[in-house]
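Working notes, structure below.
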Amino acid sequence: MPDPAALKAILQNIQQTADRQEQALLEDARARRQEALDRARAKAQEETDQLVQARLAEIQEESGRQISAADNEARADLFRRREAIRQEVFAKARERIAAFTQTPAYEDFLVASAQRIHQTMQGRCAVLHMREQDRAHAAAVSARLGRSITLHIDDSIQLGGITVTSPDGALMVDDTLDSRLQAQEQWFRESSGLVIE
């Protein structure tokens with residue numbers, strides 16, 4: 001029979017070896033578990049960061065769209081207000097022009113216009129264009145244009161003033177209040193700061 005002390009020493013040795021192996025296995029399992037937890041945490045953090053970044057990008061994109069839409073709406077509103085101002089200004093100008101054409105000064109204006117046109121065209125005036133309402137001024141205006149002038153009632157002239165053409169029709173000078181107002185309106189659009197950029 002084997003020696004009980006030797007048997008006890010063998011059993012203790014086996015038990016210690018088993019305990020060390022068990023401890024090593026437990027530590028290895030704990031380390032693997034910790035590694036798995038660390039990897040899972042890192043992956044979860046990476047996914048969370050990606051989700052946060054994606055959501056931030058969505059928010060920024062949506063904010064950009066909203067800002068752009070608000071900017072476009074503000075520009076459109078500004079354009080509408082500026083256009084309303086322009087229309088109001090030129091409606092009042094048309095009213096003042098209409099009132100002016102009813103004064104004695106209007107005939108003086110037409111005669112002065114005829115003199116300027118006569119000089120510009122160097123006397124080659126043949127046809128006087130004016131609106132029906134200005135027919136009463138035709139004799140005074142024609143007298144400033146020089147030689148025999150043909151009167152033509154022109155329905156395209158709405159506000160007043162005159163247009164004169166040469167005998168061959170190659171030369172024409174437009175000094176109507178319509179064209180003057182149109183030129184002022186163009187200048188107003190370009191110079192008044194009422195243009196959307």
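Here are some notes:
- Only one of the numbered conditions (1) without any contact (Cβ under 8 Å) to a residue 60 or more places away in the chain; (2) over 18 Å from Q119 (Cα atoms); (3) among the small types (G, A, S); (4) buried (at least 16 other Cβ atoms within 10 Å of the Cβ) is not met by S142, and that is (2).
- The residues on offer are E95, E107, and the sole one that is assigned to a helix (DSSP H, G or I), outside the structural domain of G160 (by TED's automatic domain parsing) and not basic (K, R) is E95.
- Selection count, region 124-182, where residues are assigned to a loop (DSSP other than H, G, I, E, B) and under 44 Å from the mean Cα position of the chain (by Cα): 11
- Which listed residue is under 16 Å from S179 (Cα atoms) and in the same structural domain as R180 (by TED's automatic domain parsing), from G160, G146, G123: G160
- Test: residue in region 80-101 that is among the β-branched types (V, I, T) and farther than 23 Å from R180 by Cβ: no
The values are calculated or read from the model by the stated rules, or taken from the named source; none is laboratory data. Since this is a predicted model, take the numbers as computed values, not measurements. Methodologically, a virtual Cβ is constructed for each residue, glycine included, from the backbone with ideal geometry; neighbour enumeration extends over all protein chains shown.
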